[in-house]
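See structure below.
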Amino acid sequence: MTIVMKFGGSSLADADTIRHCAALVRGRGSDRVVTVVSAMAGVTDMLIELAQAAADGTRMRVHTLLGKLHERHELAARAFGASEAVAPLLSQLDTLVAGIGAVSELTPRSHDAVVSFGERLSAVIVAAALDGHAMTGHEAGIVTDDRHTQANPLMKLSLHQIRETLQPRLEHGEPIVVTGFIAGTQHGAITTFGRGGSDLTATLVGAGLPADEVWIWSDVDGLMSADPRIVPEARLLGHVTFAEAIEMGQFGAKSMHPRALEPAAEYRVPVRMRNTFHPDCGGTLITDGQPNGETVRSVLRLRGSALVTIAGAAMVGQPGTAARVFQALADVGVNVQVISQTVSEAGISVVIPASQLDPARVALENRLVRTGVARKVEIESDIDVVAVVGAGMAGVPGIAARVFGAVARREVNVMAIAQGSSELTICFVVKADASATAVQALHAEFGLAG
Amino acid sequence: MKIAIVGFGVVGQALVRLLRERSGELYRRHGFAPRIVAAIDTRGAALSAQGLDIAALLRTKASDGTVATIPDCGVSRVDNEQVIAECGAHVLVEATPSSLRDPQPAIRHLKAAFRAGLHVVSVNKVPLAVAFPGLRELADYNRVMFRFSGTVGAGLPVLALAQQCALGDEILSVRAVLNGTTNYILWRMHEAGLDFAAALAEAVRLGYAETDPSADVDGVDTAMKTVIFANVVLDRAATLADVQVAGIRDLPRERIATAAAAGRRVKLLAELGEKLRVGPQEIEAHGPLDVPANLNAVSLSLRHGGEVTLRGPGAGGVETATGVLRDLLDIWHALGSAP
């Protein structure tokens, strides 16, 4: 069996936790394992601060941060006899930071170069713990476009090169450690993937080899039927579909980033979420399998949102109004989470992050109210979005009636509703102080405690 | 248009000869005045920003076995990728020999060209058979054109015909004779009653077969063409591993004779249906696929259009060079009409 194992930063805090991760890899015996690592816990944030401090010329801060980074990695490396392997990397980092300080300028490209040291250092240390070989994502074959800090892989080329590079090494039985999160352009400049980056590296490697499974080790057991802080009887989901996992990720579950699941879903590589600190737990297996007869799998809530309603009689039967609303929001970079519009009402409601409320309001008032397209913009801050997710809901009548019946019985007022045409999710908007009640009611209604 | 050629063997030389012979007509009809700014062979390269003298290229290659000895222009032992990236060419013609044993050099040539923004015409089948989806992605990402019509059917526009057919109709299946060498061997075994070894020896003597004919005889060459066809025309992300391959090595004469008695012929056939297969198969004598000597034949079965067959020479330096020229002109016209 070929497995890709990815360890997040929380699993790589110090020499002890690294030793534990190495034992999890070694525990697979004759299986062929490619290990993908994030930077050690907290290191990426320090590197981001370091790069900025260098460009700003705050030398004391640079000195302190470099000192901490040296100490952290030297200490961990010493435990595995890897001091000589980390020394050249740390000295390269010193040089790079001095260079950024000298020109007082931080480009996205040099930002990526600085940040990459987190994974490059952790890979070298983990490789020493495994008696294996450390490679960067780029050396392993991953090529991206040149959007530094937000790079996208050239998927087909990367998968081909991953197979070409890693298969022969695996056949030699050599433990391989690949840096997550970082890759390179076709010209060899270092790039980073942005959010969900290390998981994306893992699924790319998994799809490229191809692996039998990709295991994502983190500090959670897997996907839950609800947040156990709201619903104490919430249960671990043993098996979900890619579509469900992607949807749950969108709603803020401690899932994988939807982008990271894409290569696995497309190339049908099963992904297993597992807990480093609880390795006896089987975790959550994510596959493209059919729904297992259950309808609703999970109840989630998205906090810190605001409901914005754009209303006015002039909007009735006026083509293009929705386009103007979304253009206005897009132009100020507002991320729309839920959209709702009724046929008869002269209004469009959107849910956006509360943090983006001010720019959204100004943009809508300036572009729509001022020009007479809409009469007013109404704001409901302090709202949450509650969602029920399940691939098995599609085509089953009566789910919506049960959802809203259960919520109504607990006297929770529903302010807006949306359902995608895939019928994978029904979501609705409630006052923030009522969302926990709604989640509990739905968890009980669909018997998710098992 | 400035052109770099990597691989200056039979096809590379035939191409420059063709460009020279047809220069007047190409300029009149297409405004096409190609300059060869780099020619690379195994021992070095000849470089000239103004364009190399084609007569000198051919003469030196014939006398010295390399273009690296041309006075002033020749350089021995070069880094091919560096030359490709820095020679100032608009288009790279990749014409190194197809060797499955080591596909990497050719793949590196193509990647270097795409990275540097060169359009590419590949005659070499191997990079396409091994890494087509990734190479096309890299070409698209760099917004350059990637043409390879000479890889299947040499001068015959097999891929173009099939793509045109697939536009308005649907290709249900394909049966094809795609390797001239094996067709010649099987044809001689039938016509002259030769056994396999004698027919192969004759093919080698006439220059149809390489001195190491295994890629042809074992079906690998046909399998590579099958993979390219499947990717390009049928949009299937196939690789060589997806093709079931059998060759014709040591095929007994009796098999040919038994088939002939039943009014049938044995051909090394590529079949692209639900599965991709290459192997000796019996076909109807005098049918569309029963081509003599070293010819090729491709028969498309279309949902509405019925059987469409293209027959003709599918190998040879000049024939392949015309395929390259077709691709070069295609790029030239596309560049001119780009917005």
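In terms of surrounding Cβ atoms within a 10 Å radius of their Cβ, A:Thr284, A:Thr64 rank from fewest to most as A:Thr64, A:Thr284. Pairs exceeding a 29 Å alpha-carbon distance, out of A:Lys6/A:Lys431; B:Lys111/B:Lys225; A:Lys6/B:Lys125; A:Lys156/B:Lys125; B:Lys2/B:Lys125; A:Lys68/B:Lys111: A:Lys6/A:Lys431; A:Lys6/B:Lys125; A:Lys68/B:Lys111. Counting only other chain Cβ atoms within 10 Å of each residue's Cβ, the peptide B:134-140 averages 5. Computed from Cα atoms, the angle from the helix A:321-331 axis to the main principal axis of chain A rounds to 30 degrees. If you take the Cα centroid of the range B:294-339 and the Cα centroid of the range A:131-187, the two points sit 37 Å apart. Rounded to the nearest whole Hz, the Karplus-based 3J(HN,Hα) values (6.51 cos²θ - 1.76 cosθ + 1.60, θ = phi - 60°) of the range B:200-205 follow the sequence 5, 4, 5, 4, 5, 4, with x at glycine and proline. Put a plus charge on the Cβ of each Lys and Arg, a minus charge on the Cβ of each Asp and Glu, and nothing anywhere else: the dipole of the protein assembly as shown about its Cα centre is then about 1060 debye. Based on the reciprocal of the average 1/r between different C-alpha atoms, the Kirkwood radius for the range A:1-79 equals 14.2 Å.
Within the listed set B:Pro313, B:Pro71, B:Pro103, the residue fluctuating most in the Gaussian network model of chain B (springs between alpha-carbon atoms under 10 angstrom) is B:Pro71.
Computed from Cα positions, the angle between helix A:399-409 and the longest principal axis of chain A comes to roughly 70 degrees. Centre-to-centre separation between the Cα atoms of the range B:28-98 and those of the range A:417-446: 68 Å.
Quick one: plug the Kirkwood hydrodynamic radius of the range A:2-218 (C-alpha pairs) into Stokes-Einstein at 37 °C, 0.692 mPa s, and report D in µm²/s.
Translational D for this selection: 192 µm²/s.
With contacts taken as Cα pairs under 8 Å at a separation of at least 6 residues, the range A:302-450 carries a relative contact order of 27 percent.
Calculated mean residue ellipticity at 222 nm for chain A: -12500 deg cm²/dmol, from DSSP H runs with n ≥ 4 weighted as -39500 (n - 2.57), summed, divided by the residue count and rounded to 500.
All Cα-Cα separations within the range B:158-313 were binned at 10 Å from zero, giving a P(r) of 11, 42, 34, 12, 1, each value a whole percent of the pairs.
Averaging 1/r across all pairs of distinct Cα atoms in the protein assembly as shown and inverting the result yields a Kirkwood radius of 30.7 Å.
In this structure, the amide hydrogen of B:Phe8, modeled 1.01 Å from its nitrogen in the peptide plane, lies closer than 5 angstrom to those of B:Thr42, counting only residues at least 5 positions away or on a different chain. Largest mean-square fluctuation among B:Leu200, B:Leu128, B:Leu161, in a Gaussian network model of chain B whose springs join Cα atoms under 10 Å apart, belongs to B:Leu161.
Using r as the Cβ-Cβ distance of B:His304 and A:Asp131, and R0 as 45 Å, what FRET efficiency do you calculate, to the nearest 0.05? If you can, show how the numbers build up before the last one.
Working: r = 62 Å, r/R0 = 1.38.
That pair, B:His304 with A:Asp131, gives E of 0.10.
Across the range A:298-445, the convex hull enclosing all Cα atoms gives 114 Å³ per residue.
Taken together, the values in this text are just the output of simple stated rules run on the coordinates, not laboratory data. Note that the structure is a prediction, hence the values are computed from the model and not measured. Glycine also receives a Cβ, built like all others from the backbone with ideal geometry; neighbour counts cover every protein chain displayed.
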